[in-house]
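See structure below.
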Amino acid sequence: MTLPGGAGPDLSALVEPVVDSTPDVIDHVALARLYGEPLFSLPQDLYIPPDALEVFLETFEGPLDLLLYLIRKQNFNVLDIPMAEVTKQYLSYVDQIRSHNLELAGEYLLMAALLIEIKSRMLLPVRKADTGEEPDDPRAELVRRLLEYEQMKLAAQKLNALPVLGRDFQRAHALMDIRIERMLPDVSPDDLRQAWADILKRAQLNAHHKITREHLSVREHMTKILRQLSDVRFLEFTELFNDAIRQGQGVPVIVVHFLAMLELARESLLEITQAEPYAPIYVRLAYIRAVE
C-alpha cells in the first residue's frame, strides 16, 4: 500500500501491535479509574452541570432545630443567649437556603424576624414595672420553646435507638414438620381406685330424693281417738300415740294425731286433766263425765 503523497509503502499492517507494558503499580497514584483505566489528571473539557450535585453539610428539622444547633455548637448558655452572634449566624444560613428553596426559607424567615425583634427589644432601655418587679427577659419565651424542643428531640432519639422490626432485625421464619402421635397413658391400680372413688362421690352429689305427698286427715284421726276412748274411762296422754309409734308411721302421723286431739278438746268432745303439776296427763271423753 502506498501512503498519500507518494511517501512510500505503508508497512503498518505488517507490524505487530505494540502492547502497553506499563506496570500496574502506578495505579496507586491515579485520581480515578475510567472504564477500568487509571486516570492521573482531570480532563480539561470535563463539564459538570451546576445542579448535578448538591451537598448538604447539615440538615435541620425546622427553625428551632437550627437555632438549637447554633447554640449547642458554640457552647452558648441557652439561658443567656448572645442574640447578636446567634442572629448573625442564623441569617447567614437563611440566605443560603433562600437561593435554593424559597418556600422552605419561609418558616426560617419567621424565626429570623423573631430573633431581630428580641435583639431590638434588648437594645431598648430597661424600665421597671409600676409594681417594682423586674421586667421579663425578652428571650424567656424563646428559651422555653428551645428547652421543650430539646427534650422532645432527645426523647425521639431514644425511641429511634430502640430496635425496630425490619430495620434492625427481621422476624425469623422456620418450617417445621411436626407429627403428633397420641400416646396412651399408663394407668396404675391407685389411679383406677381414685377414679372410681371420684365417680361414687359425684353420684352421691347428683342423687335425687323423691318426696311424695302423704294424705293425712285430721278428721280421720279424731275418729280414731274417739274409738280408743270409747272402751275406757280415761287414757294416759302418751298411750294415745302408742299405735302410731309401734307401726313406725313417722313424725307427720304423730303430729296429725296430736292436732286431732286438740281439735276434739276445742269442740268439747274431749277432756284433758292433770291432778297436780308434773303428774301424768289423762284424756277421757267429755260425755262420759256428764253421764257420771
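The values are calculated or read from the model by the stated rules, or taken from the named source; none is laboratory data. These numbers come from a predicted model, not from an experiment. Glycine gets a Cβ as well: all are built from the backbone with ideal geometry, and neighbour counts include every protein chain shown. Ligands, DNA and RNA are excluded from the accessible area calculation, which covers all protein heavy atoms including side chains. Shrake-Rupley method; radii C 1.70, N 1.55, O 1.52, S 1.80 Å.
A few notes on this one:
- Of all positions in segment 48-60, none carries a residue that is open to solvent by less than 60 Å² (accessible area, probe 1.4 Å), under 29 Å from Q157 (Cα atoms) and at pLDDT 80 or above.
- From the list E148, E133, the one residue that fits, being at pLDDT 85 or above, of a type in the set (D, E) and open to solvent by 80 Å² or more (accessible area, probe 1.4 Å), is E148.
- Count of segment 244-268 residues, restricted to those that are within 30 Å of R213 (Cα to Cα) and either open to solvent by 80 Å² or more (accessible area, probe 1.4 Å) or touching a residue at least 12 places away in the same chain (Cβ under 8 Å) (or both), is 17.
- Checked across segment 239-252, the condition of being assigned to a loop (DSSP other than H, G, I, E, B) and modelled with pLDDT of 85 or more holds for no residue.
- Residue count for segment 163-220, restricted to those that are surrounded by 10 or more Cβ atoms within 10 Å (Cβ to Cβ) and under 30 Å from V255 (Cα atoms): 5
- Test: residue in segment 257-275 that is aromatic (F, W, Y) and assigned to a helix (DSSP H, G or I): yes
- In segment 191-229, of all residues being closer than 30 Å to I272 by Cα and part of a loop (DSSP other than H, G, I, E, B), the one that is modelled with the lowest pLDDT corresponds to E214.
- Tally of residues being open to solvent by 50 Å² or more (accessible area, probe 1.4 Å) and at pLDDT 85 or above across segment 61-71: 1
- Qualifying residue in segment 230-237 (condition: in contact with a Leu (Cβ under 6 Å, 6 or more places away or on another chain), surrounded by 13 or more Cβ atoms within 10 Å (Cβ to Cβ) and either in a helix (DSSP H, G or I) or of a type in the set (K, R) (or both)): no
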